[in-house]
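The values are calculated or read from the model by the stated rules, or taken from the named source; none is laboratory data. All values reported here derive from a predicted model rather than from experimental measurement. With ideal geometry, Cβ positions are generated from the backbone for all residues, glycine too; neighbour counts draw on all protein chains shown.
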Amino acid sequence: MRYGFAIDQRTCIGCHACTVACKTEHEVPVGQFRTWVKYVESGDFPATTRDFGVMRCNHCTDAPCVRICPTKALFKRDDGIVDFDRARCIGCKGCMQACPYDAIYIDEDTHTAAKCNFCAHRVDEGLEPACVVVCPTHSIWVGDLDDSGSGIARLVNENPVQVRAPEQNTGPNVFYLGADRAV
């Protein structure tokens, strides 16, 4: 089993519902984000376009944040989710420096690392991550990438997809459809 996200940028409207749901679900402090929407504008007025890129932890197969963490506060679960144990974190910021996706921040309230954890507490209860539930355009897909019959596996295998920073060789498990400019 290997959980992953597929984000269809062709249908994302940049509404930030995913960002708000994540902040609410995890009580993320003001000004900090586990999931955020990146805007990429191109062209010259009046012929301009705006593309959206939903950014978050990539739950990498070979996660550099997990390798560098001296206390094993960051760890990879058997289902592929890169999770963290706040109680073990010493706030050294090594994981922040190791992550090529800028997906980790230090929570200003707890002084520990924080990031998208795939709403692991929800997944453990058989529920989808909060961002998936609230997306009004159903642009966020989630599931087992190793199950060839799953919707996400079919979506990723049957369509041209991209990953962020492929040259980093981290094996990201967040895939983007139609994101030429926004990834």
* Residue check: is Cys131 part of a helix (DSSP H, G or I) and of a type outside the set (Asp, Glu)? -> yes
* **For Cys131: the one exception among (1) out of contact with any helix residue (DSSP H, G or I) (no Cβ under 6 Å at 6 or more places or on another chain); (2) hydrophobic (A, V, I, L, M, F, W, C); (3) crowded, with 16+ Cβ neighbours inside 10 Å** => (1)
* Structure fact -> Those residues of region 11-34 which are of a type in the set (S, T, N, Q) and at pLDDT below 95 amount to Thr11, Gln32
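Each row is one residue, and each column tells you yes or no for (1) crowded, with 17+ Cβ neighbours inside 10 Å; (2) over 14 Å from the mean Cα position of the chain (by Cα); (3) in contact (Cβ under 8 Å) with a residue 24 or more places away in the chain; (4) outside any loop (DSSP other than H, G, I, E, B).
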position: Cys15; (1), (2), (3), (4): no, yes, yes, no
position: Glu25; (1), (2), (3), (4): yes, yes, yes, yes
position: Lys38; (1), (2), (3), (4): no, no, yes, yes
position: Asn58; (1), (2), (3), (4): yes, no, yes, no
position: Asp62; (1), (2), (3), (4): no, yes, yes, no
position: Lys72; (1), (2), (3), (4): no, yes, no, no
position: Tyr101; (1), (2), (3), (4): yes, no, yes, no
* Within region 48-56, is even one residue under 24 Å from Pro136 (Cβ atoms), in a loop (DSSP other than H, G, I, E, B) and without any contact (Cβ under 8 Å) to a residue 40 or more places away in the chain? -> no
* Which condition breaks for Thr112 when tested against (1) touching a helix residue (DSSP H, G or I) at 6+ places or on another chain (Cβ under 7 Å); (2) of a type in the set (Ser, Thr, Tyr); (3) modelled with pLDDT under 95? -> (3)
* To do: Specify which of the listed residues (Glu167, Glu158) is at pLDDT 95 or above, closer than 19 Å to Cys60 by Cα, among the charged types (D, E, K, R) and surrounded by fewer than 16 Cβ atoms within 10 Å (Cβ to Cβ).
  => Glu167
